[in-house]
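Some notes on the structure that comes next.
The values are calculated or read from the model by the stated rules, or taken from the named source; none is laboratory data. Here the structure is a predicted model, which is why all the values come from computation and not from measurement. So basically every Cβ, Gly included, is an ideal-geometry build from the backbone, and we count neighbours across all protein chains shown. Remember, those area values only see protein heavy atoms, side chains included, never the ligands or the DNA or RNA. Shrake-Rupley method; radii C 1.70, N 1.55, O 1.52, S 1.80 Å.
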Amino acid sequence: MEPFDLTLIWAAIIAFGVIMYVLMDGFDLGVGILFPLAPDEESRDLMMNSVAPVWDGNETWLVLGGAGLLAAFPMVYSIMLPALYLGVFLMLSGLIFRGIAFEFRFKANRSRYLWNIAFAGGSTLAAFAQGMVVGKYIEGINTANGVFVGGPLDFVTPFTLLTGVGLVAGYALLGSTWTVMKTEGATQAWARRMAKPLLLVVLAVFGIISLWTPFVDESVRERWFSNLHLIWVLPALALFFAWRIWHGITHKREGSPFVATMGLFVFTYLGLLVSKWPYVVPPEITLYDAASAWESQLFLLLGLLFVIPIVLTYTAWTYWVFRGKVRAGDGYH
């Protein structure tokens, strides 16, 4: 008999990795989504320079979460990858395009507009595909005897298209509040003007998704309306942070809108996790059904306990070194 439950520990680590990725990579995806709307090329330079020192490190959390998921819950890969091949392919394609654009745009002259398109298009595609994947997780995966039995386009539904739009708007909101925090002058004023409309779009889409989800999954409706005294704290906190974003933008705060936007994302995702707990492949397969052997989990966990502090340390150090405003003429390439 195992001395302690490693499955819950792994679930917490993976959830932490996913949330860290959404927060860390979300704002630089948001910067890319907003690229076509920026007032001029100088503003685009400032926006890209604000994320250039940290964007590649932010994606470490995607790798960490994916590798941890494969190690601890291998059945998830065997089911969800066939169900989401196209969505994952689109997401990775978008990330590749924006990554290449990061490196080439700084050196390009006559072709810079093409790299602007690649950066904006790749960022938007990656965000939209991620949102559709999240939507399909909420809807559930068709399985039989632990095997995916649907088709390659099952993840394309009105609900997943809406969640895709919602995540694009959410990342754009992160990008706008990040730009408010990291820039000044005309670029900051433009980003501040963008934040309120984006917040309204995010709240509208999230509200529709919240009303729609109980009809998509009956277990979600039962869980939320049988625990009014407990889990409704999560959406209440999400709305509180939405108010903090609005308040910070109205009063021309610089750092608090970005922090509040991260809070909005954290409690929205926690609400999603609580809605589906303990199913890792809804609506049938739980964490324990998909978990690898206890010995395998322990072996890999020991290594991960060394890796996570290192990742957190260099992430914190990078943000500390490149703290402060980005100004015209600054650059890291």
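Leaving out ligands, DNA and RNA, and with a 1.4 Å probe, what % of the accessible surface on the chain is carbon or sulfur? If you can, show how the numbers build up before the last one.
Numbers: 11130 of 15650 Å².
Percent of accessible area from carbon and sulfur atoms in the chain: 71.
Placing dummy labels 7 Å off each Cα toward the beta-carbon, the span from Glu295 to Ile100 is 4.5 nm. Placing a label point 7 Å from the Cα of Trp212 along the Cα-to-Cβ line, the residues of the stretch 129-164 whose backbone N sits under 15 Å from it are 129-140, 155-164. Farthest towards the positive end of the charge dipole of the stretch 1-128, among the residues Leu92, Ile19, Asn116, is the Cα of Asn116, using unit charges on the Cβ of Lys, Arg, Asp and Glu.
Between Glu284 and Leu92, how high is the FRET efficiency from 1/(1 + (r/R0)^6) when r is the Cβ-Cβ distance and R₀ = 30 Å? Nearest 0.05. Write out the running numbers ahead of the final one.
Working: r = 27 Å, r/R0 = 0.91.
Efficiency, from the Cβ-Cβ distance: 0.65.
Geometric descriptor of the stretch 54-213, per residue, is 132 Å³ (volume of the convex hull of the Cα atoms). Projected onto their three principal axes, the Cα atoms of the stretch 260-303 cover extents of 40, 29, 10 Å, largest first. Taking every protein chain into account, the accessible area of the stretch 1-149 amounts to 41 square angstrom per residue (probe 1.4 Å).
Got the relative contact order for the chain handy, in percent, Cα pairs under 8 Å and 6 or more residues apart? Don't skip to the end; give the middle numbers.
Working: 429 pairs, mean separation 83.8, N = 333.
This gives 25 percent for the chain.
Couplings 3J(HN,Hα) of the stretch 112-121, computed from phi: 4, 4, 5, 6, 4, 5, 5, 5, 5, x Hz, in residue order, whole Hz [Karplus 6.51 cos²θ - 1.76 cosθ + 1.60, θ = phi - 60°; x for Gly and Pro]. Using a cut-off of 21 Å between Cα atoms, the listed pairs Lys136/Lys276; Lys252/Lys325; Lys136/Lys196 include Lys136/Lys196 as exceeding that distance. Model label points for Val307 and Val156, set 7 angstrom from Cα along the Cα-to-Cβ axis, are 3.4 nm apart. Subtracting the Cα-Cα distance of His251 and Arg110 from their residue separation scaled by 0.36 nm leaves 46.7 nm. For the stretch 1-93, the pair-distance distribution built from all alpha carbon pairs, in bins 10 Å wide starting at 0, is 14, 34, 28, 16, 6, 1, 0 percent. Amide H contacts for Thr286 (H built 1.01 Å from N in the peptide plane; partners 5 or more residues away or on another chain; cut-off under 5 Å): Val280.
For Ala291, no residue 5 or more places off, or on another chain, has a built amide H under 5 Å of its own.
Explain nothing, just the number: dipole magnitude of the stretch 86-221 about its Cα centre with +1 on each Lys and Arg Cβ and -1 on each Asp and Glu Cβ, in debye rounded to the nearest 20. Don't skip to the answer; put the middle values down first.
Numbers: 11 positive and 6 negative charges, 161 e Å.
That gives a dipole near 780 debye.
Computed from point charges on the beta carbon alone (+1 for Lys and Arg, -1 for Asp and Glu), the dipole magnitude for the chain about its Cα centre is near 1240 Debye.
Per DSSP H run of n ≥ 4, the term is -39500 (n - 2.57); total these for the chain, divide by its residue number, and report the mean residue ellipticity at 222 nm rounded to 500 deg cm²/dmol. The partial results should precede the final answer.
On the way: 13 runs with 253 residues, N = 333.
Value at 222 nm, helices only: -26000 deg cm²/dmol.
Over the stretch 6-321, what lengths in whole Å, largest first, do the semi-axes of the equivalent ellipsoid take, defined as the square roots of 5 times the eigenvalues of the alpha-carbon gyration tensor? Kindly include the intermediate steps, with their values, before the conclusion.
Working: eigenvalues 204, 104, 77 Å².
So the three semi-axes of the stretch 6-321 are 32, 23, 20 Å.
3J(HN,Hα) along the stretch 273-278, derived from phi through the Karplus expression 6.51 cos²θ - 1.76 cosθ + 1.60 where θ = phi - 60°, amounts to 5, 5, 4, 9, 4, x Hz, with x in place of Gly and Pro.
Residue order by solvent-accessible surface for Val326, Val274 is Val274, Val326, largest first, with ligands and nucleic acids left out and a 1.4 Å probe.
Among 298-308, 260-270, 74-84, 25-35, how do they line up from the highest to the lowest mean number of other beta-carbon atoms within 10 Å? Mind showing how you got there, number by number?
On the way: 298-308: 13.2, 260-270: 21.3, 74-84: 18.4, 25-35: 27.7.
Ranked by mean Cβ neighbours within 10 Å, highest first: 25-35, 260-270, 74-84, 298-308.
If you count, for each residue, the other Cβ atoms within 10 Å and average over each peptide, how do 85-95, 114-124, 42-52 line up from highest to lowest? Kindly include the intermediate steps, with their values, before the conclusion.
Numbers: 85-95: 17.5, 114-124: 20.8, 42-52: 22.5.
Ranked from most to least packed, the peptides come out as 42-52, 114-124, 85-95.
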